[in-house]
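The values are calculated or read from the model by the stated rules, or taken from the named source; none is laboratory data. Computed from a predicted model, the values in this text were never measured in an experiment. Neighbour counts are summed over all protein chains in view; Cβ atoms, including those assigned to glycine, are modelled from backbone coordinates with ideal geometry. Just so you know, the surface numbers come from the protein's heavy atoms only, side chains and all, with ligands and any DNA or RNA stripped out. Shrake-Rupley method; radii C 1.70, N 1.55, O 1.52, S 1.80 Å.
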Amino acid sequence: MDAQSAVSRAEAAGAEEARDVVQGTRDGFTSKLGVIAATLGSAVGLGNIWKFPSLTGSNGGAAFIIIYLICTVLVGLPVMISEIMLGRKMKANAVTTLRKVAPKGQPWWLIGVSGVLAAFLIMAFYTEVAGWVFAYIFKAAFGAILSTDPEVTSQAFVALISDPMQSLFWQWAVLVFISVIIIAGVSKGIEKTVKRSLPLLFVLLVIVGVRSLTLPGASQGLAFLFTPDFSAVTGATLLTAMGLAFFKLSVGMGTMITYGSYARDDQDIPSSTTRVMLADLTVSILAGIAIFPAVFAFGFEPDAGPSLLFITIPAVFASMPFGQFFIVIFFILAASAATGAMLSLLEVPVAYLNEQMHWSRLKATLVTSIVLALIGSTAALSSSVLADVTVLGMNFFDLYDSVTSKILLPLGGLCISIFVGWFWGFDEIKQALSNEGALQNQTIIRVFYGIVKFVTPVLLAVVMLNGLGIITF
Ligand code: TRP
């Protein structure tokens with residue numbers, strides 16, 4: 001590029017920024033692509049790399065993926081569209097958006113409050129898993145977790161999670177890292193970071209995927225991923241798949257309301273959310289392809305549950321040539337995925353405190369992070385000093401995970417779909433999703449309306465009641 005065109009490019013970029021400033025004083029994403037990148041950065045996370053493969057592994061493979069897909073399209077996506085639509089309309093944090101959008105006196109804002117609570121509970125265990133991921137990058141680089149024997153990698157993992165100092169150190173280090181980015185702001189912190197981390201994640205995932213697929217015996221892993229067996233599917237499986245769909249798309253608790261509030265008025269919401277959903281799904285499937293063929297090729301068990309990532313994966317990769325290199329790459333990609341997701345979680349309470357209590361971003365972030373470090377430590381210590389403390393038969397880590405995925409997120413999604421489908425009204429939806437008539441997407445809007453009104457709430461209610469054992473069929 002010559003100097004002249006560099007200058008004119010810089011001027012064009014400056015003009016774009018200036019236009020955004022004129023749009024309002026509120027910070028926001030700087031372009032349509034920025035919105036998609038941030039939303040995708042939120043959706044893609046440990047859910048793709050830690051939850052999706054391990055849940056697929058322990059729930060029978062392809063059959064689980066199909067149910068998950070149905071939940072994603074009929075429940076997750078409609079709630080995502082609803083959240084972004086409401087957030088953009090009101091240009092405010094989750095609680096304020098729901099307060100402003102609902103008729104006076106109706107307590108819909110409680111969904112926002114439950115969302116802020118859910119953000120804390122998810123972050124409490126999420127930062128811990130992210131802490132392990134960051135720790136594994138260093139441990140792998142220095143050779144500490146390298147063994148082809150799952151017994152040995154299992155001992156290494158147990159040594160990490162049962163050491164209170166190490167667990168707290170890595171969790172808090174992650175919190176500091178995320179807080180620094182959040183303090184920098186929506187466009188200069190969040191957007192900038194995910195625009196770098198997402199391409200990195202994608203490239204690394206493809207490298208590991210190709211390696212895994214080219215191992216002798218890889219086809220068995222593909223068969224496991226793509227040949228459905230519905231015999232193992234129960235009500236609990238359905239609820240797990242539904243919970244995963246919510247967790248994956250970051251919906252049901254106000255993250256997408258908050259991000260929607262930073263979206264631009266000319267954004268085509270149905271089209272960009274669908275693209276985000278498809279891209280997120282691609283990452284999950286790629287993660288499955290990176291993991292299962294390798295697992296089968298080296299004769300490991302696929303149904304390893306959550307330990308798959310930290311016990312089986314290191315042993316599997318250590319078994320192949322340049323294993324150490326691939327383990328380091330794998331955990332770097334997991335860390336970059338986790339980063340975008342954590343930013344979106346932390347942004348929910350920060351935006352609320354910033355706008356509602358008029359705290360500076362710095363103060364809002366510091367206070368939130370300190371509270372998070374305290375709640376989070378109960379999860380971090382749940383395999384060591386707090387191992388014997390259980391609620392409903394679960395330690396704190398599992399409790400936060402279960403309560404959010406199986407109750408808070410689906411409940412939030414149920415309320416949002418009922419609000420949008422039954423209370424907000426078709427005309428408001430039409431205005432909002434067609435960008436006040438600028439887009440010719442009538443049919444899509446009608447399909448969305450039908451689904452969010454009749455399909456999403458019913459499916460959600462039935463799956464939740466069934467999964468919690470309240471109704472059986
Ligand atoms: N979607 C992220 C993942 O898959 C996690 C996440 C980020 C999330 N923000 C959220 C989950 C909000 C629920 C709600 O890892």
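Quote to one decimal, in nm, the extra length available between GLN324 and THR148 on full extension: 0.36 nm per residue of separation minus the C-alpha distance between them.
62.3 nm
Given a 1.4 angstrom probe, I'd like the percentage of the accessible area of the chain that is carbon and sulfur, rounded to a whole number.
That fraction is 68 percent.
So which trypsin sites (Lys or Arg not before Pro) in region 241-307 end up in coil per DSSP with only 11 or fewer other C-beta atoms within 10 Å?
none
Per residue, what accessible area does the chain have, given a 1.4 Å probe and all protein chains present, in Å²?
The answer is 40 Å² per residue.
Which residue, chosen from ALA223, PHE64, SER344, occupies the Cα position most advanced towards the positive end of the dipole of the chain, where the dipole is computed from +1 (Lys, Arg) and -1 (Asp, Glu) charges on Cβ about the Cα centre?
Result: SER344, furthest along the dipole toward the positive end.
Can you list the trypsin sites (Lys or Arg not before Pro) in region 51-156 that are in a DSSP coil and have 10 or fewer other beta carbons within 10 angstrom?
Sites meeting the loop and neighbour criteria: LYS104.
Gain in length, HIS358 to VAL210, computed as 0.36 nm per residue apart minus the alpha-carbon separation, to one decimal in nm?
Here the answer is 48.3 nm.
Of the listed pairs LYS32/LYS195; LYS32/LYS188; LYS51/LYS248; LYS89/LYS430; LYS100/LYS406; LYS51/LYS406, which have alpha-carbon separations greater than 18 Å here?
Over 18 Å Cα-Cα: LYS100/LYS406.
In percent, what relative contact order does the chain have, based on Cα pairs under 8 Å that are 6 or more apart in sequence?
Relative contact order, the chain: 32 percent.
What is the magnitude of the charge dipole of region 30-467 about its Cα centre, with +1 placed on the Cβ of each Lys and Arg, -1 on the Cβ of each Asp and Glu, and no other charges, expressed in debye to the nearest 20?
Dipole size: approximately 1240 debye.
Starting from the Cα gyration tensor of region 30-467, take the square roots of the eigenvalues, sort them a ≥ b ≥ c, and report rounded, prolate or oblate (rounded when a/c is under 1.5, otherwise prolate if a/b is larger than b/c, else oblate).
Taking the square roots of the gyration eigenvalues as a ≥ b ≥ c, region 30-467 is prolate.
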